[in-house]
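Below you'll find the structure, written out as structure tokens, and then a few comments.
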Amino acid sequence: MLKYFLTELKHQLLNPAAIFFVVIMPISMFLIFGGQAELSEKLPSGVNISGLIAIQMGFYGAILASSQAGADIGQMRESGWLRTLHLNGMNDSRYTLIRLALSYAVVVPQLVLLYTVAAFTFADMPLKIWAYSAVMTILLGGLYAGVGQIFGAFLPANAANGLASGFVVLGSFLSDMFMPLTGTMYKVGQFMPFFGTKTLVAWQATQGKGTLGNELNLTYLTLNVVIWLGIITFLSWWTLRFTRTRS
């Protein structure tokens, strides 16, 4: 199990496409959106607007990294590697545990790099909020490996990564992560799969308020997270069994 984990981790960390989309792109987006003088204004929590953007871009990078890690099941299915692992005693529980650990392992480096860049450039926030947002990003972001696994189970390997990334990007826009949504779009956004988790990650920074300054209901947000992660977990478990029977 350890050898397989280390092999997959090396593949993920040295993958040029992953380095660009998971590491370089979120950092670039932070510098573009968060590097403006007027964003130095601070919220009541002591976090400036650039800091809030850093939190959101860090979470975006986390769910992108974990979904990319999950989408690799498509390549494993096509190469016959998934079947080989199963024949050598790798049951569904062990495989799921390793892929979850791999998801967390790829989330941490990109977040550390982004937060380091943010801290030395434009972001300013109390240490406790740096720590809270980082821990929540890792804990919640790593759970989205199932998104990539769902795509990888049914699509060709060369399409699974791209479509999983597209889903994350579109879902992030609709979840009020990149730019403030208003009116109907904001109401729709509250039902999106990333809205609850991204709001909980930034909860201390925003003091429980939305981008429009409205008070948010913690019970509803928790329900949003539980329902969506429950759906993703069930579908990823089902697709794993489906993929194993096809490989």
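The values are calculated or read from the model by the stated rules, or taken from the named source; none is laboratory data. Worth saying up front: this structure is predicted, and the values here are computed from it rather than measured. So basically every Cβ, Gly included, is an ideal-geometry build from the backbone, and we count neighbours across all protein chains shown. These area figures cover heavy atoms from the full protein model, side chains too; ligands, DNA and RNA do not enter into them. Shrake-Rupley method; radii C 1.70, N 1.55, O 1.52, S 1.80 Å.
What do you reckon, is residue 105 open to solvent by less than 10 Å² (accessible area, probe 1.4 Å) and either closer than 20 Å to residue 193 by Cβ or part of a helix (DSSP H, G or I) (or both)?
So residue 105 does not fit the description; no.
Say we look at the range 187-216 and pick out the residues that are aliphatic (A, V, I, L, M) and either open to solvent by less than 10 Å² (accessible area, probe 1.4 Å) or not in a helix (DSSP H, G or I) (or both); which of these is farthest from residue 63 (Cα to Cα)?
212
Somewhere in the range 166-177, is a residue surrounded by fewer than 16 Cβ atoms within 10 Å (Cβ to Cβ), more than 15 Å from the chain's Cα centre (by Cα) and not aromatic (Phe, Trp, Tyr)?
no
State which residue is nearest to residue 43 (Cα to Cα) when the search covers only the range 204-228 and only residues that are touching a residue at least 60 places away in the same chain (Cβ under 8 Å) and out of contact with any helix residue (DSSP H, G or I) (no Cβ under 6 Å at 6 or more places or on another chain).
Taking the candidates together, the pick is 206.
Looking at 199, 206, 219, which one is farther than 24 Å from residue 96 by Cα and over 20 Å from the mean Cα position of the chain (by Cα)?
219
Rundown of residues vs (1) open to solvent by less than 70 Å² (accessible area, probe 1.4 Å); (2) assigned to a helix (DSSP H, G or I); (3) at pLDDT 90 or above, yes/no style:
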| position | (1), (2), (3) |
| --- | --- |
| 62 | yes, yes, yes |
| 70 | yes, yes, no |
| 76 | yes, yes, no |
| 86 | no, yes, no |
| 97 | no, yes, no |
| 109 | yes, yes, yes |
| 114 | yes, yes, yes |
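With the requirement that a residue be closer than 30 Å to residue 90 by Cα, of a type in the set (Gly, Ala, Ser) and at pLDDT 90 or above, what does the range 186-242 give you?
Passing the criteria: only 230.
Let me spell it out: the conditions are (1) open to solvent by less than 80 Å² (accessible area, probe 1.4 Å); (2) out of contact with any Pro (no Cβ under 7 Å at 6 or more places or on another chain); (3) modelled with pLDDT of 85 or more, and residue 33 meets all of them except one. Which number is the exception?
Unmet condition: (1).
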